[in-house]
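The values are calculated or read from the model by the stated rules, or taken from the named source; none is laboratory data. Here the structure is a predicted model, which means the values were calculated and not measured. Cβ placement follows ideal geometry from the backbone for every residue including glycine, while neighbour counts extend to all protein chains displayed. Note: accessible area is taken over every heavy atom of the protein model, side chains too, but ligands, DNA and RNA are not part of it. Shrake-Rupley method; radii C 1.70, N 1.55, O 1.52, S 1.80 Å.
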Amino acid sequence: MKFKKSALLLFYFLICNLFLTACEQQQTDFRPLAASAIIVAFGDSLTFGTGATPETNYPKNLEKIIGHRVINAGVPGEETSGGLARIKTVLDQYNPQLVILCLGGNDFLHKKSLDQTKQNLTSIIQIIKASGAQVLLVGVPTVNINLAVPDLYNEISAELNVPVDNNILPVLLGEPQYKSDYIHLNGAGYKIFAQDVADFLKARGAL
């Protein structure tokens, strides 16, 4: 019964998220991706796929869903400062048309300054946009009972005019059957994460 209730809750959330995404046309849409476009999933252990296999992490699932090559550029344990230090190298190596940026969780775990986290994410996005690639920002919740996504993600979205998805990770990280430990997803969780990203990209015109 508990599993059914959780599954129904997640289904309800996904339907509502699709509806809200489709309705929020005041937010930035994407330019359509070329058929040959490469996507880079850039982040920490949630991108790398800690808690799952190389075939069941979210970038691999996303690649299967949308048919584009998706590069897994996740580094476990990375803070936003580390992401800022390596973003140019990744962009130069893969020349992506889109970067899915999912960083910040380790900053929150290590109690880094929210202002510095925001500045690092802002700088990463500015570098990505300067390369000509588009950005999808994924909001990461703080590790507490509320699993709240800090306001800095919405602030960055508004200031830099980039789409942000703040909804999926708080829901998945609040459901034990989709987690491998207290901060990582399992294969089932990463699959739902990937489907949410795919739906977001489709609703905003990228696919």
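Within the range 56-90, restricting attention to residues that are of a type in the set (A, V, I, L, M, F, W, C) and closer than 15 Å to Leu136 by Cβ, which residue is most open to solvent (accessible area, probe 1.4 Å)?
In the first step, residues of the range 56-90 are kept if they are of a type in the set (A, V, I, L, M, F, W, C); the result is 62, 65-66, 70-71, 73, 75, 84-85, 87, 90.
Filter again for closer than 15 Å to Leu136 by Cβ, leaving 62, 65-66, 70-71, 73, 87.
Details: Leu62: 0, Ile65: 59, Ile66: 30, Val70: 14, Ile71: 16, Ala73: 11, Ile87: 1 Å².
Checking each candidate, the answer is Ile65.
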Next item on the list: Could you run through the range 110-140 and say how many residues are over 15 Å from Pro96 (Cα atoms) and open to solvent by 10 Å² or more (accessible area, probe 1.4 Å)?
Entry: 12
Next item on the list: Please state which one of Asn167, Asn106 is at negative phi, under 16 Å from the mean Cα position of the chain (by Cα), crowded, with 19+ Cβ neighbours inside 10 Å and modelled with pLDDT under 95.
Entry: Asn167
Checklist line | Scope the range 66-103; condition in contact with a helix residue (DSSP H, G or I) (Cβ under 7 Å, 6 or more places away or on another chain) and at positive phi; matching residues | finding: Gly77
Checklist line | Flag if Asn154 is surrounded by 14 or more Cβ atoms within 10 Å (Cβ to Cβ), free of Cβ contacts under 8 Å to residues at least 40 places away in the same chain and under 19 Å from Asp196 (Cβ atoms) | finding: yes
Check: Which residue pairs have Cβ atoms under 8 Å apart, sit 6 or more places apart or on different chains, and have a first residue in the range 59-86 that is at pLDDT below 95 and a second that is of a type outside the set (Ser, Thr, Tyr)?
Finding: none
Next item on the list: Could you check Glu175 against (1) crowded, with 17+ Cβ neighbours inside 10 Å; (2) closer than 25 Å to Phe30 by Cα and say which number it fails?
Entry: (2)
